Amino acid sequence: MLAKRMDRLGTENAFAVALRAINHQEQGNIVYPFHLGDLNFKTPEKITEAMFQAIQDGKTGYCPAAGIMPLRTALAENINETRQTQYTAENVLIQTGGKPVIAKFLLAFMNEGDEVLFPNPGFPIYESFIEFLGGIAKPYGFIETERGYSIDFDAIEKAITPKTRCIIINDFQNPTGSEATKEEREKLAEIILKHKLMALVDEAYFDIRYQGQSHSLLEIKEIRDQVIMLYTFSKKFAMTGWRVGAMFAPLKYIPQLSKLNVNIESCTPHFAQYAALEALRLPHEETQKILSSLQERRDLAVTMLNDIKGIHCPSPNCAFYLFPNVTKLMEQKGFAHDYKAFAEDVLVKTGVSFCTREHFGKVLPNETEKFIRLAFSGVNTEQIKNALLALKQYAE
């Protein structure tokens, strides 16, 4: 008999969409896979070579639960340079990807019955794990603005009660592509300090940006003792399947958090950590190739989407997702209130496969507009052209 908590465990809904797309493709149909936030770039060769060398050098056994010291040191130096922090290697715990940081943050700082604020629409694993561990998931949303999407601070303030223990902040956000302004980061810091919250700052897409410079909530010194940061190698280095990430935490929490590593996975694979170390040493030109390709895809997709009747799509400066407003198109097609039927109709008639707003958390009561998410990380420019031309014909 399964434990009752299993009924509360959700999933990453993009994988369910992927199964439907695969089924459609196996029936002989063309599918344009905008549904999954994976990258169709090869991991840079120097990273792969470093992994093979580490295996040949015998780096195949256990290593410290917190991770190998050269990688922890290099990561601390990298984050200090990009976030204006003063971390040492001791602040860094290597993880098997970014997701374990979410789980371990909640395991360490949330008691059963505690409330946790989380972004909605947002990465579905936040809500899933809050509820799985017996917490109360309190969503806050985003407001569509001229610059894209902004945090709904009214929703945050209204959601906070004496039971509110934690807040999850996903800057450079999946699925909206939004990023906080300086004023918004300062407002978030005020809330964290005022209500004595522990914050998980998920910056998985910090380095995936096309204009300007990324800034971090960690630049605000006053809140660092209340912040855990999630870092992953998956995006910038095209290492989604390698499963290497890191947690940054105040020193006072490191011994207990490290125990979670010991209890759950012992350690992150030794040889994968040496590959990650090589990733941090790559010249800027290597990762810029990936960013340049992603920017070309973004520009093409945004231009073509905004040329489709019934669609409006902001152009994000970061991440590799588009979150177009499709309210008018859904109404035109007779699917005003049915995301699932709309997505199925588009897939069958055009081959375009995507996630809808419903795949990123329960629709909030005050929502009237309709959105879909298109990931452009796994489709090339030719696929984008063909897909969005088919979508335009569908709309007309």
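The values are calculated or read from the model by the stated rules, or taken from the named source; none is laboratory data. Please read all numbers here as calculations on a predicted model, not as lab measurements. Note that we place each Cβ from the backbone using ideal geometry, even for glycine, and neighbour counts take in every protein chain shown. When the accessible area is computed, the model is the full protein with side chains, heavy atoms only, and any ligands, DNA or RNA have been set aside. Shrake-Rupley method; radii C 1.70, N 1.55, O 1.52, S 1.80 Å.
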Using a Förster distance of 41 Å, the FRET efficiency for E331-T181 (Cβ separation, nearest 0.05):
0.80
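Give, in nm to one decimal, the length gained when the segment between Q25 and E146 is fully stretched (0.36 nm per residue of separation minus the Cα-Cα distance).
Values: separation 121, 0.36 × 121 = 43.56 nm, distance 3.73 nm.
Taking 0.36 nm per residue and subtracting the Cα distance, the gain is 39.8 nm.
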In whole Hz and in residue order, list the ³J(HN,Hα) couplings for the stretch 239-248 that follow from phi through the Karplus curve 6.51 cos²θ - 1.76 cosθ + 1.60, θ = phi - 60°; x for Gly and Pro.
10, 4, x, 6, 6, 10, x, 7, 10, 10
If you take every DSSP beta bridge fully contained in the chain, what fraction is antiparallel? Give it as a percent rounded to 5.
50 percent
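Could you please put D7, D207 in sequence from largest to smallest accessible area, using a 1.4 Å probe? Can you show the working numbers first?
Numbers: D7 140, D207 40 Å².
So the residues, ranked largest to smallest area, are D7, D207.
Tell me, what is the FRET efficiency for L193 and R281 to the nearest 0.05, using R0 = 30 angstrom and their Cβ-Cβ distance as r? Mind dumping the intermediate values first?
Details: r = 37 Å, r/R0 = 1.23.
With a Förster radius of 30 Å, E is 0.25.
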Any chance you could run the full-extension gain for A16 through E77? It's 0.36 nm times the residue separation minus the Cα-Cα distance, nm to one decimal.
18.1 nm
Using only the Cα atoms of the stretch 1-124, build the gyration tensor, take square roots of its eigenvalues as a ≥ b ≥ c, and label the shape rounded, prolate or oblate: rounded if a/c is under 1.5, else prolate if a/b is larger than b/c, else oblate.
oblate
Distance between modelled label sites at K4 and V348, nm, 7 Å Cα→Cβ extension:
4.1 nm
Residues of the stretch 165-184 with backbone N under 16 Å of the label point set 7 Å from the Cα of Q256 along Cα→Cβ are 165-167
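Take the cross-link list K194/K328; K289/K340; K182/K235; K163/K235; K235/K385 and give me the ones stretching past 32 Å between alpha-carbons.
Numbers: K194/K328 41 Å; K289/K340 36 Å; K182/K235 24 Å; K163/K235 35 Å; K235/K385 24 Å.
The answer is K194/K328; K289/K340; K163/K235.
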If amide H atoms are modeled at 1.01 Å from N in the peptide plane, then the residues at a separation of 5 or more from V352, or on another chain, having amide H under 5 Å from its own are Y32
Roughly how many Å² is the accessible area per residue of the chain, as a whole number, for a 1.4 Å probe?
44 Å²
Global form of the stretch 151-286, assessed from the alpha-carbon gyration tensor, a/c cut-off 1.5:
oblate
With a 1.4 Å probe and every protein chain kept in, tell me what percent of the accessible surface of the stretch 121-230 is carbon plus sulfur.
51 percent
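In this model, which of K59/K104; K187/K252; K99/K187; K4/K158; K42/K252; K4/K138 are farther than 28 Å apart at the alpha-carbon?
Values: K59/K104 26 Å; K187/K252 26 Å; K99/K187 26 Å; K4/K158 31 Å; K42/K252 39 Å; K4/K138 21 Å.
Those over the limit are K4/K158; K42/K252.
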Full-stretch length increase - L300, Y62 - with 0.36 nm per residue and alpha-carbon distance subtracted
81.1 nm
Taking a cut-off of 18 Å between Cα atoms, list the aspartates and glutamates near K333, but don't count ones fewer than 8 places away on the same chain.
D307, E344, D345, E369, E396
Integer Hz, Karplus 6.51/-1.76/1.60 couplings in order for the stretch 134-148, x for Gly and Pro
x, x, 10, 7, 10, x, 10, x, 10, 10, 6, 10, 5, 8, x
Using θ = phi - 60° and the Karplus relation 6.51 cos²θ - 1.76 cosθ + 1.60, list the HN-Hα couplings for the stretch 39-46 in order, rounded to whole Hz, with x at every Gly or Pro.
10, 9, 10, 6, 4, x, 4, 4
Distance (nanometres) between label positions extended 7 Å along Cα→Cβ at E45 and D338
5.3 nm
Under the rule rounded for a/c under 1.5, else prolate if a/b exceeds b/c, else oblate, using alpha carbon gyration tensor axes a ≥ b ≥ c, the stretch 301-396 is classed as oblate
Would you mind checking which residues have amide H under 5 Å from F118's amide H? H placed 1.01 Å from N; only 5 or more apart, or other chain.
K138, Y140, I168
